[in-house]
Amino acid sequence: MSQMAAPSAFTFEVEHCPDSVAIVRCHGKLVAGVTDVLLTGVRPLFPDHKRVVLDLSDLKHTDSMGMGALVRLYVAAKSAGCSLELAHLSKQIRHLLGITHLLDVFVIVGESGVKWM
């Protein structure tokens, strides 16, 4: 597992799973000033994986820059022929995705009994 850190206490780890799946477990706050940590850490996964799952169960908060980073990752994944999926959304992140009409864009896994590994 690899880990990236930023001064704002945003961290993540990557777990490489069978069948070309990578799980990225995010921790802390994905806000302005730290989004590049996620972008530069996750983009290199796309060419070598069919699916990249962002596990947001320990993501405490995000802002508009964090939402923008998720959209940028979605576009990059799609361009690389990879599926970017979100798992374990907090109430705040679900709300932001809803009001920005992005809830229908992202594949949401790990909820309603959907197996995600």
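When region 60-105 is limited to residues that are of a type in the set (Lys, Arg) and touching a strand residue (DSSP E or B) at 6+ places or on another chain (Cβ under 9 Å), the one that is nearest to Val34 (Cα to Cα) turns out to be Lys60. Checked across region 65-75, the condition of being under 13 Å from the mean Cα position of the chain (by Cα) and free of Cβ contacts under 8 Å to residues at least 12 places away in the same chain holds for at least one residue. For region 4-28, filtered to residues that are exposed (fewer than 15 other Cβ atoms within 10 Å of the Cβ) and on the phi > 0 side of the Ramachandran plot, the residue that is modelled with the lowest pLDDT is Ala9.
Of the residues that make up region 103-110, is at least one closer than 17 Å to Glu13 by Cα, surrounded by 15 or more Cβ atoms within 10 Å (Cβ to Cβ), within 13 Å of the chain's Cα centre (by Cα) and not basic (Lys, Arg)? Looking through region 103-110, none of the residues is closer than 17 Å to Glu13 by Cα, surrounded by 15 or more Cβ atoms within 10 Å (Cβ to Cβ), within 13 Å of the chain's Cα centre (by Cα) and not basic (Lys, Arg). When restricted to residues that are surrounded by 15 or more Cβ atoms within 10 Å (Cβ to Cβ) and part of a strand (DSSP E or B), region 29-70 contains 11.
The values are calculated or read from the model by the stated rules, or taken from the named source; none is laboratory data. Bear in mind the structure is a predicted one, so any value in this text is a computation, not a measurement. Please note: Cβ atoms are built from the backbone with ideal geometry, for glycine as well, and neighbour counts cover all protein chains shown.
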